[in-house]
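Engineer: One structure, pasted below without further comment.
The values are calculated or read from the model by the stated rules, or taken from the named source; none is laboratory data. The structure presented is a predicted model; accordingly, all values stated were derived computationally and were not measured. Positions of Cβ are generated from backbone atoms using ideal geometry, with glycine treated the same way; all protein chains shown enter the neighbour counts.
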Amino acid sequence: MESPLMVEAPAGAAGIAAGDLKARAQAVAAIAAKHASAVDGAARFPAEAFESIKAQRLLGVAVPKALGGEGASIADVADVCYQLGQACAATGMIYAMHQIKVGCIIRHMKGSAALEHMMRRLCAEQLLLASSTTEGGGGGNVRSSEAPVEYHDGRISLERRASVISYGAYADGIVTTARRAADAAPSDQVLVAFLKADYELTRLQGWNTLGMRGTCSDGYTLKATGTADQIVPEPYEIIHPHTMVPFAHLLWGSVWTGIAASATARAQAFIRQAMRQGNGQLPPGAPQFTKALTSLRTLRGMLANSLRTFERSMGDPKALASLEFQSMITITKVEASELATSIVLSAMRACGLSGYRCDSEFSVERHLRDVLSSPIMINNDRILANLATPALMAPIPGSMRD
């Protein structure tokens with residue numbers, strides 16, 4: 001269903017022609033929306049959408065121009081995630097996860113010839129990168145790895161039991177965390193990039209979930225081999241706060257905002273139809289639509305502000321590592337996920353039974369199931385618990401200008 005609600009993505013610094021990128025994203029979104037119900041119903045990879053994404057050459061937009069990309073900014077990429085999220089949540093989330101891995105490589109490869117070559121290939125061949133950051137008993141603690149990188153005569157190998165590798169079977173490469181070496185501590189991690197010829201996947205468990213079904217986030221044993229220069233030079237303890245966390249929270253948040261915008265658009269269409277059929281009388285759910293729309297504006301404003309803050313700090317390692325920035329970016333994730341869920345619930349209440357039904361043109365049941373994943377992607381309770389002690393040390397502003 002086409003959205004009558006014209007909600008633009010958060011504003012940011014343009015890295016490429018915004019109109020061109022928006023048109024390309026809209027072309028993909030039209031295809032993704034057409035197949036979204038089938039992707040969800042069968043819990044299958046959104047193949048049609050990613051065929052279009054590759055045709056529109058959107059996988060390498062954030063890679064620097066010198067390496068064959070387009071030099072897109074984080075705000076540019078967030079815009080695409082937002083548009084795709086409105087059309088098909090799984091498509092938007094897969095695209096976001098790919099761009100998170102691209103961001104980690106290009107910001108921390110420090111002139112590595114092997115990784116530069118990989119980025120050139122990614123742009124030329126439109127390669128899709130998956131992420132593997134959870135394993136075994138570690139669950140969602142991405143700052144702890146069990147499996148170590150093993151070194152043999154200039155080559156490396158890795159075997160890890162990954163509890164989740166989203167779209168792993170459909171990716172052209174996997175970027176994974178690992179312990180630096182067999183004698184390293186679990187928190188002494190590296191990030192390693194493997195292409196499909198470098199690894200084998202053995203399926204451990206399936207992906208039969210409430211929502212985000214098309215991400216196909218099965219569990220696998222990953223067995224990979226490669227060369228030592230496939231390890232991203234900077235340690236993961238730097239990559240994680242400087243890039244992984246902000247990219248993840250901002251791009252995931254943009255997808256969730258897209259889901260919320262789509263649900264709000266359906267509520268608006270329902271209210272308009274009800275008024276036409278009721279001689280201008282507002283239906284009972286109209287106040288819930290107002291609540292959804294107002295909250296959507298709040299959510300978009302918060303994300304736009306966080307994007308601007310991150311872009312101002314991207315070249316300043318001290319600022320990125322500061323307690324103030326890390327608290328802001330992680331709370332952005334918590335608030336975005338909870339507010340997006342609230343917006344979709346309000347949209348459902350605005351539509352009443354038509355929103356609750358699965359067979360209605362105003363149904364938002366898929367939106368609700370998909371957005372309910374947001375508080376548990378890096379569990380909000382884990383985030384808040386980790387911030388509890390630093391929060392006790394933070395000063396309480398004494399005035400509105402502090």
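Engineer: Would you check if A248 is under 30 Å from M118 (Cβ atoms), free of Cβ contacts under 8 Å to residues at least 24 places away in the same chain and hydrophobic (A, V, I, L, M, F, W, C)?
Structural biologist: Details: under 30 Å from M118 (Cβ atoms): yes; free of Cβ contacts under 8 Å to residues at least 24 places away in the same chain: no; hydrophobic (A, V, I, L, M, F, W, C): yes.
Here the answer is no, as A248 does not meet what is asked.
Engineer: Still on this model: Determine whether T227 is surrounded by 21 or more Cβ atoms within 10 Å (Cβ to Cβ) and modelled with pLDDT of 95 or more.
Structural biologist: Working: surrounded by 21 or more Cβ atoms within 10 Å (Cβ to Cβ): no; modelled with pLDDT of 95 or more: yes.
Answer is no for this residue.
Engineer: Out of curiosity, is T227 of a type in the set (S, T, Y), within 22 Å of the chain's Cα centre (by Cα) and closer than 24 Å to Q126 by Cβ? Talk me through it step by step, then tell me what you get.
Structural biologist: Values: of a type in the set (S, T, Y): yes; within 22 Å of the chain's Cα centre (by Cα): no; closer than 24 Å to Q126 by Cβ: yes.
The answer is no for T227.
Engineer: Those residues that are in contact with a Cys (Cβ under 8 Å, 6 or more places away or on another chain) and surrounded by fewer than 24 Cβ atoms within 10 Å (Cβ to Cβ), I need them from the stretch 64-103; list them, please.
Structural biologist: Across the stretch 64-103, the qualifying residues are L67, G68, G69.
Engineer: If you don't mind, another one. In contact with a Gly (Cβ under 7 Å, 6 or more places away or on another chain), at pLDDT 95 or above and outside the structural domain of A75 (by TED's automatic domain parsing), is that true of E311?
Structural biologist: Yes, satisfied.
Engineer: Right, something else. I need the helices (runs of 4 or more DSSP H) fully contained in the stretch 297-402, keeping only those with at least 2 residues that are surrounded by 13 or more Cβ atoms within 10 Å (Cβ to Cβ) and basic (K, R).
Structural biologist: Where helices (runs of 4 or more DSSP H) fall fully within the stretch 297-402 and carry at least 2 residues being surrounded by 13 or more Cβ atoms within 10 Å (Cβ to Cβ) and basic (K, R), they are 323-351, 365-371.
Engineer: Go through the residues of the stretch 123-146 one by one and say whether even a single one is of a type in the set (K, R), in contact with a strand residue (DSSP E or B) (Cβ under 6 Å, 6 or more places away or on another chain) and not assigned by TED's automatic domain parsing to the domain that holds C358.
Structural biologist: The initial filter retains those residues of the stretch 123-146 that are of a type in the set (K, R), namely 143.
Right, trim to in contact with a strand residue (DSSP E or B) (Cβ under 6 Å, 6 or more places away or on another chain) and you get none.
No, the stretch 123-146 contains no residue that is of a type in the set (K, R), in contact with a strand residue (DSSP E or B) (Cβ under 6 Å, 6 or more places away or on another chain) and not assigned by TED's automatic domain parsing to the domain that holds C358.
Engineer: Taking S166 as meeting all but one of (1) more than 19 Å from the chain's Cα centre (by Cα); (2) outside any helix (DSSP H, G or I), write down the number of the exception.
Structural biologist: Only one criterion is unmet by S166, namely (1).
Engineer: Exactly one condition in (1) without any contact (Cβ under 8 Å) to a residue 40 or more places away in the chain; (2) under 28 Å from E51 (Cα atoms); (3) crowded, with 20+ Cβ neighbours inside 10 Å is not met by G206; state its number.
Structural biologist: Exception for G206: condition (3).
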